[in-house]
1. Of all residues in segment 104-113, which are free of Cβ contacts under 8 Å to residues at least 40 places away in the same chain and buried (at least 16 other Cβ atoms within 10 Å of the Cβ)?
2. Return only the number of the condition from (1) touching a strand residue (DSSP E or B) at 6+ places or on another chain (Cβ under 9 Å); (2) under 17 Å from Asp6 (Cα atoms) that Glu55 does not satisfy.
3. Would you be able to say whether some residue in segment 70-78 is free of Cβ contacts under 8 Å to residues at least 24 places away in the same chain and not aliphatic (A, V, I, L, M)?
4. Select from segment 102-113 the residues that are closer than 20 Å to Glu55 by Cβ and not in a helix (DSSP H, G or I) and list them in ascending order.
5. Which members of segment 63-113 meet the condition of being touching a helix residue (DSSP H, G or I) at 6+ places or on another chain (Cβ under 6 Å) and within 10 Å of Leu13 (Cα to Cα)?
6. Looking at this structure, is Ile47 of a type in the set (A, V, I, L, M, F, W, C) and over 14 Å from Leu10 (Cβ atoms)?
7. Hey, does segment 33-45 have a residue that's within 20 Å of Lys105 (Cβ to Cβ) and either of a type in the set (Phe, Trp, Tyr) or at pLDDT 95 or above (or both)?
8. For segment 11-26, enumerate the residues that are over 17 Å from Ile104 (Cα atoms) and within 12 Å of the chain's Cα centre (by Cα).
Amino acid sequence: MRTHNDELVLILLQTNKSLDRVSKIIHSQIKRKSDIIEEMEDNKFAITVHVSLPEDAMSIALRIKKDIESTLNIKVNIGISYAKNSEDDSQLLSQANRALEESIKSEKIIIIR
């Protein structure tokens, strides 16, 4: 259930292999009907969630990353972008892509707020 304090968050996840099993793992971790998982090109997944606290998005991302890397033994990079009321979807995606690019370089989860 979404409250007025929830923030829209886009988590971009990219793996070094294209696997159906990655999708299954993501779906097993993201269970709310309000959350959206979209498979994109270049082995990317876009996960749109609503969170009350910024730490919640990081927790979700870390859980997914750990599950994929330990189960499939593949590398996962993650970029996270938070929406503000004035931002549109293209801005949110652009910021998440920039965070993902930084994540690939630094090998850390990057958050752009």
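1. Ile110, Ile112
2. (1)
3. yes
4. Lys108, Ile109, Ile110, Ile111, Ile112, Arg113
5. Ile64, Val76, Asn77, Ile78, Gly79, Ile80, Ile109
6. no
7. Looking for residues that are within 20 Å of Lys105 (Cβ to Cβ) and either of a type in the set (Phe, Trp, Tyr) or at pLDDT 95 or above (or both), one finds at least one in segment 33-45, hence yes.
8. Hit for segment 11-26 is Ile26, nothing else.
The values are calculated or read from the model by the stated rules, or taken from the named source; none is laboratory data. These figures come from a predicted structure and were not determined experimentally. No Cβ is skipped: glycine too gets one built from the backbone with ideal geometry, and neighbour counts run over all protein chains shown.
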